[in-house]
Every structure is written in structure tokens, then in C-alpha cells.
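Structure provided below as C-alpha cells; questions to follow.
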Amino acid sequence: MRSVGARRRKTRTGVVLTADMIVDTALRLIDAPGGDKLSVRRLGAELGADPTAVYRYFRDMDALLLALADRLIGDAFAEFVPREHWADSLRDLAASLRRSMRLHPRLAHLRAIRVTAGPHEMRVVDTGIGIMLSAGFAPADAVRHYRDFVDTVLAVAAVDAAELTPGQEAAEQEAWSRVYTSLPAESYPNVHLVREHLPSMYNSAFPGTIDKLIDALVHAAPSSGGSQAVPTPA
């Protein structure tokens, strides 16, 4: 991002253009209907500025999207406060990420697979690794466990955030509640055996997945007590 030291320019309406204004506007456009087709031309029109003005602050659209992702990380953890026990802190961290990704579904996939290297992400990474260290894990293990934890959270949260049309959602429910429950025992003996429980397959896997992951970390942790001081994301 080129916002540091970038010369501020006025838009055609006389408003001084800033990197934050560009990020705010881009986020609003992405969240609006048709936001999956964000372009520099559309962004410039919304800002009332020449589209090329965006490149004075961001080298390309990819840099802008990463800045958006970092902004959402900061918003998600603005009120995060570590709990007395490190496992509860991890649970809150996971819930904050999921909530943010569901609020902005069109950026969920990007956030699941990219590293922003922005200030908000850096603070959260520092906090997350600090939580693992407070559980008593050695440095190498703390990094490994944090990676496994956050990648799992992001992946499952991205699935939860995926946008489906009403028709697609109905088809998903129909598949589990009627199609699979009607499969014949002679061809699908195991599915038939558990058929009354199959409608729950439509439900989010997030709560159960995070519970299992945190339970495994608690079992593996050298320390099962409360957490040490963990820095709060700024």
C-alpha cells in the first residue's frame, strides 16, 4: 500500500482523497449487490475521482483487496480481550473471525487464502502466538499450533460465509433431508443405518470443528492452567 507519504488529491467534488476513503468505498461497493465485479473504473466513479487516482495509494487492485482484508481483521478484533484461560481466548478469537467473514462474505475466500502482512494481521498473529505460548507450548510448537488453528478457523468460516441463492440453499437441505435419507440399504448400508441423523449434515461444522481442535490443544498443552498476559490487538 502506498498510503504512507502519498500526496493527497482532491476528487472532482472537492473532497480530499485518502487511502482510508478508498478502502471504505471499496468495501461498501463489494458488500453491495454486484460487488463481486469491483473495478477501478467503478471505484473511481463512486469516489468522484479519476480511476487512476487509486494507484497513487495502492499499486494495484490486489494490494487494495489485501488492505480491505486487513481492515476487516482490525474491525473483527477491535474489542477482543483475552480471557483468563487461553483455551477460552482461542474460542473467542475463532468466533470473532467467523462473525467477520459472515458479515463480508465476498471477501471470505480472499481472507482464507492470503496473507495481508498488514498492521492488524500482524497484531492478531502476535496475539495468537502469544496465546499458544501462554499454554506452555515451546516456540516451534506454538507457531505450528497457531498455524493449524487459524487455517482451520479460516477455512471452515469461509465455507459458512459462502453465498448461496435461496434455490441453492433449498437444494442443499433437500439433498440431506430427503435424497440421502431415502438411499436403499442394500446399496448404501452405512448411510441407511444413520439416515435419521443425516439432516444435521446441513448444519455448520464450525462449532464442532473448533471444539475438537481446542480440546486437542488442551490435551497436548504442557500447561492446563490460565493464560499468561497476552497482548490485545490494537
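Just want the ordering: 90, 183, from fewest to most Cβ atoms lying within 10 Å of their own Cβ. It would help to have the intermediate numbers written out before the result.
Values: 90 27, 183 15.
Ordered from fewest to most neighbouring Cβ atoms within 10 Å, 90, 183 come out as 183, 90.
I need to check one value: relative contact order of the chain, counting alpha carbon pairs closer than 8 Å and at least 6 residues apart, in percent.
On the way: 266 pairs, mean separation 52.7, N = 234.
23 percent.
For an R0 of 35 angstrom, estimate the FRET efficiency from the Cβ-Cβ distance between residue 171 and residue 141 and round to the nearest 0.05.
0.20
Between the stretch 25-80 and the stretch 140-191, what is the C-alpha centre distance in whole Å?
Taking the Cα centre of the stretch 140-191 as reference, the centre of the stretch 25-80 is 30 Å away.
Go through the stretch 28-106 and name the trypsin sites (Lys or Arg not before Pro) that are in a DSSP coil and have 13 or fewer other Cβ atoms within 10 Å of their Cβ.
59
Could you please rank 85, 219, 120, placing first whichever residue has the fewest other Cβ atoms within 10 Å of its Cβ?
Details: 85 16, 219 8, 120 20.
Fewest-to-most Cβ neighbours within 10 Å comes out as 219, 85, 120.
Please list 3J(HN,Hα) in residue order for the stretch 36-52, calculated via the Karplus relation 6.51 cos²θ - 1.76 cosθ + 1.60 where θ = phi - 60°; whole Hz, with x for glycine and proline.
6, 10, 4, 9, 5, 4, 5, 5, x, 4, 5, 7, x, 9, 4, x, 5
Shifting gears a bit: Amide H to amide H, which residues 5 or more places from residue 17 or on other chains are under 5 Å from it, using H placed in the peptide plane?
9, 10, 11
How big is the stretch 3-134 by Rg and Dmax over its Cα atoms, in Å?
Rg then Dmax for the stretch 3-134, in Å: 16.7, 53.
Oh, and also: Once the piece of chain linking residue 106 and residue 193 is laid out straight, how much longer is it, given 0.36 nm per residue of separation minus the C-alpha distance between them?
Working: separation 87, 0.36 × 87 = 31.32 nm, distance 3.81 nm.
Stretched fully, the residue 106-residue 193 segment lengthens by 27.5 nm.
Right, next: What ranking of 96, 182, 89 emerges when the number of other C-beta atoms within 10 Å of each C-beta is taken as an exposure proxy, fewest first?
Exposure proxy ranking, most exposed first: 182, 96, 89.
Pop a pseudo-label 7 angstrom from the Cα along the beta-carbon direction at both residue 202 and residue 151 and give the gap in nm to one decimal.
The answer from the label model is 3.3 nm.
Lys and Arg at +1, Asp and Glu at -1: add these up for the other residues within a Cβ distance under 13 Å of residue 206 and post the number.
Here the count lands on +3.
Same structure again: Give me the number: length gained by fully extending residue 223 to residue 113, i.e. 0.36 nm times residue separation minus the C-alpha to C-alpha distance, one decimal in nm.
That pair, residue 223 and residue 113, stretches by 36.5 nm at full extension.
Residue 18 to residue 55: extension gain in nm, 0.36 nm per residue of separation minus the Cα-Cα distance?
Answer, rounded to one decimal: 12.2 nm.
Under 8 Å for C-alpha pairs, at least 6 residues apart: give me the relative contact order for the stretch 47-127, rounded to a whole percent.
Relative contact order comes out at 38 percent.
Hey, got a sec? Which GluC sites (Glu not before Pro) in the stretch 38-99 land in a DSSP loop and have at most 10 other Cβ atoms within 10 Å?
Sites meeting the loop and neighbour criteria: 79, 84.
Taking the alpha-carbon set of the stretch 80-220, what are its Rg and Dmax in Å?
Calculated on Cα positions, Rg and Dmax stand at 18.5, 57 Å.
We did not get these values from a lab; they are worked out from the coordinates using the rules stated. All figures in this text were calculated on a predicted structure; none of them were measured in a lab. Don't worry about glycine lacking a Cβ; one is built from the backbone with ideal geometry, like all the others, and counts go over all protein chains shown.
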